[in-house]
Amino acid sequence: MDFESANPSVVKSIKQRDLLNTWLRLYSREQKLPRVEEYHPERLADELADLVYYTVDTAEQPPRLTIQSDGTRMSNAYGNTGKGKYLDDYIGARLVPVVMPVYYKCVASCLPVYTISSIDDLYGRIVAYERLLLPFSEGGGVSHLIASLKTISEDGGFEIKNLMRGNDALPTPKLRSVIDRDLFHRAPGRIPSGDLIEFG
């Protein structure tokens, strides 16, 4: 699976850009991975429905990721809660070849990874699935990941229930990138009013 090199501007959602900027502020102090306990973005409570926290066991290869919490939108998209489960077991064998390499890339590179995929909902409406993975460390390699998962449809509303399991077609990758350039926090300029409209 190929990933392109990117800088932070590749992230579309202003809310995900805020999450990334908080990570960059911590990373840029010593050019090393921050600890997950240090990570306190503004308005974090507003984002919790879209965030999933994982612990990472790199003693196994490939690494095993355990879901420590899961946002309500992820639970809806997969049809059930995944807390306490291995991510690869939770998503199922059909999705493992599509999903897990993105997480493995984040762990191996020790850098943020950003992807966009498209998938049809139960009624055939195209949904963009934007994933931002942020790595954290307790001093060695990657020990924790935080995923921000956004679902947006140009058609307006869509059905998020069973979005990832409800049809025969697998998600279609549109963008896969490792954020490995300009890894410093740039003070934001004037941001146009309005954000990507979130549905679901």
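Restricting attention to segment 1-49, the residues that are among the hydroxyl-bearing types (Ser, Thr, Tyr) and under 12 Å from Tyr114 (Cβ atoms) add up to 3. Among the residues of segment 13-38, those that are surrounded by fewer than 17 Cβ atoms within 10 Å (Cβ to Cβ), in contact (Cβ under 8 Å) with a residue 12 or more places away in the chain and out of contact with any His (no Cβ under 8 Å at 6 or more places or on another chain) comprise Ile14, Gln31, Lys32, Arg35, Glu38. In this entry, Lys85 passes the filter for residues that are of a type outside the set (Ser, Thr, Tyr) and over 14 Å from the mean Cα position of the chain (by Cα). For segment 106-147, the set of residues classified as surrounded by 15 or more Cβ atoms within 10 Å (Cβ to Cβ), at pLDDT 85 or above and of a type in the set (D, E, K, R) consists of Glu130, Arg131, listed by residue number. Checking each residue in segment 112-135 for being closer than 19 Å to Asp18 by Cα and in contact with a Phe, Trp or Tyr (Cβ under 9 Å, 6 or more places away or on another chain) picks out Pro112, Val113, Thr115, Ile116, Glu130, Arg131, Leu132, Leu133, Leu134, Pro135.
Here Ser9 fits the description: among the hydroxyl-bearing types (Ser, Thr, Tyr), farther than 16 Å from Pro135 by Cα and part of a helix (DSSP H, G or I).
The values are calculated or read from the model by the stated rules, or taken from the named source; none is laboratory data. In this text the structure is predicted, and so the values were computed from the model without any measurement. Virtual Cβ from ideal backbone geometry, glycine too; neighbours counted across all protein chains shown.
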